[in-house]
Amino acid sequence: MKIGIPRALFYWKNPYLWEEFFKSLGEEVILSPETNKEIVIQGTKISDPETCFSMKVFFGHVFWLEGKVDYIFVPLMKSNKDKLEYCPKFFGIPDLAKILVKTPILTETFDQRKRPIEETLEKIAETLNKDQKTTRKAIAAAFAREKEKKAKEEHDFYKTVKSEKKKIVLVSHPYNLYDDYINVGIRKKLGDLGIETICIDEIPLNLGLKFSPEVKFHWEFGREIMQKTEEVLRYDIAGAIEISSFQCGCDAVLKEFVEKRFKQSKIPFLYLIIDEQSGDAGVQTRLEAFVDTLK
């Protein structure tokens, strides 16, 4: 059986877990390709004008999988292990996907306020008629793969912060940070300018660090970004860039607190809004100007 996974939005929250889980169940996994112009055009065409850019990209990826797989996996992500809610757009994407395509949508609600993620994965395996032994092995393999990824990120982070180059922390959601088409290749552009980049979600948290947020966000990404901002401020950071999808209501609120915190530490801050019209030359010019201001 072929399980399709859109390489967008929720995928980047756990980029190895989903794929490893289904493969370990014995299913063939087909990822939609890396975001490209055609996917963005298709997603924009079938989206409401008020839809945020990241959702338009997601729709394009879902549409690409249409007719190529037996199921398209689209989880309803409600809350994380810390009982904090995901962005509201994660609540509706399974139903929206069912409207867009005829391919059956494989989904379950991941609400860790009610049950652990393992139990939800077991329900998905039941839908695919998998036995308990196979399911448990698949869950273990998926979490082992994710743990391996986190260990590598931590190693790379400590290596980067020791670099003598100027370092800029990139603040955004993982689906903006790691999709190079969406962010117009910002990490490579900064690398070509002699800058080391640190993605906010790769920063390991110091469990001994006291964190008293100015605002208690109920969104998981809001608290996580603010907490990791406090952590990264302990290191030698030359600047910070926040990347936001056009029409993202949550980011419009969060941005003010992120910018304020970096400026309190006298760290230059740049805010970039990305959408389907974002041009390479315009972003390049802004990055060059920003880098020139760094000490």
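The values are calculated or read from the model by the stated rules, or taken from the named source; none is laboratory data. Keep in mind it's a predicted model, so treat the numbers as computed, not measured. Neighbour counts are summed over all protein chains in view; Cβ atoms, including those assigned to glycine, are modelled from backbone coordinates with ideal geometry.
Against the test of being out of contact with any Ser or Thr (no Cβ under 8 Å at 6 or more places or on another chain), more than 26 Å from ILE273 (Cα to Cα) and either aromatic (Phe, Trp, Tyr) or part of a helix (DSSP H, G or I) (or both), the options ILE99, ILE3, ILE30 yield a single qualifying residue, ILE99. For LYS68, are the conditions met, namely being surrounded by 23 or more Cβ atoms within 10 Å (Cβ to Cβ), touching a residue at least 60 places away in the same chain (Cβ under 8 Å) and of a type in the set (Lys, Arg)? No, not satisfied. Please indicate, with yes or no, whether at least one residue in region 158-165 is more than 23 Å from TYR11 (Cβ to Cβ) and of a type in the set (Phe, Trp, Tyr). Yes; the residues of region 158-165 include at least one that is more than 23 Å from TYR11 (Cβ to Cβ) and of a type in the set (Phe, Trp, Tyr).
Counting only residues that are surrounded by fewer than 20 Cβ atoms within 10 Å (Cβ to Cβ) and either in contact with a strand residue (DSSP E or B) (Cβ under 8 Å, 6 or more places away or on another chain) or outside the structural domain of SER79 (by TED's automatic domain parsing) (or both), which one in region 28-64 is farthest from ASP179 (Cα to Cα)? Among residues in region 28-64 that are surrounded by fewer than 20 Cβ atoms within 10 Å (Cβ to Cβ) and either in contact with a strand residue (DSSP E or B) (Cβ under 8 Å, 6 or more places away or on another chain) or outside the structural domain of SER79 (by TED's automatic domain parsing) (or both), the one farthest from ASP179 (Cα to Cα) is GLU28. All conditions but one from (1) at pLDDT 90 or above; (2) touching a helix residue (DSSP H, G or I) at 6+ places or on another chain (Cβ under 8 Å); (3) basic (Lys, Arg); (4) surrounded by fewer than 20 Cβ atoms within 10 Å (Cβ to Cβ) apply to LYS81; the one that does not is (1).
Being in contact with a strand residue (DSSP E or B) (Cβ under 7 Å, 6 or more places away or on another chain), in a helix (DSSP H, G or I) and more than 14 Å from GLU146 (Cα to Cα) is the filter here, so list the residues in region 6-21 that pass it. Within region 6-21, just PHE10 meets the criteria.
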